[in-house]
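Undergrad: This is the structure I want to talk about, given as structure tokens.
Readers should treat all values here as calculations from the given coordinates under stated rules, not as data from a laboratory. Source: prediction; values computed, not measured. No Cβ is skipped: glycine too gets one built from the backbone with ideal geometry, and neighbour counts run over all protein chains shown.
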Amino acid sequence: MSYLYNLYSTDEGHFGISQSYNIQCDLPLHKFRAIMMEFRRNDELGNDIEGFVKYMQETFPNSFKLFHFDDTVQFDADQENSTILANLLDEVDQTV
């Protein structure tokens with residue numbers, strides 16, 4: 001089974017997200033989080049998301065893949081999700 005994860009990083013003095021990583025791998029959430037927590041405990045590398053991604057690529061070369069969302073596809077998905085949420089909120093308002 002394949003899982004998708006999104007990691008975001010920010011630079012000091014930079015407002016918002018400076019880099020994002022979209023990851024597909026075979027590690028379930030509890031294992032992925034455990035590895036990330038151990039990595040963060042390292043004083044030298046703990047806050048280096050790019051270093052974590054590189055470590056994961058080297059450790060799990062067969063199942064770890066980085067990918068980029070197509071902006072158009074992502075926009076369409078965001079629009080669809082917004083419509084679904086609006087419809088759900090309308091239903092909740094009507095039943096109350």
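Undergrad: Starting with the fewest neighbours, write out Phe67, Phe32 ranked by other beta-carbon atoms found within 10 Å of each beta-carbon.
TA: Values: Phe67 10, Phe32 16.
Going from least to most buried by this count: Phe67, Phe32.
Undergrad: Using a basic spin-label model with each label point 7 Å from the Cα along Cα→Cβ, how many nm lie between Thr59 and Lys31?
TA: Rounded to a tenth, the inter-label distance reads 1.1 nm.
Undergrad: For Glu50 and Leu7 in one chain, what is 0.36 nm times their gap in residues minus the Cα-Cα distance, to one decimal in nm?
TA: Contour length minus Cα-Cα distance gives 14.5 nm.
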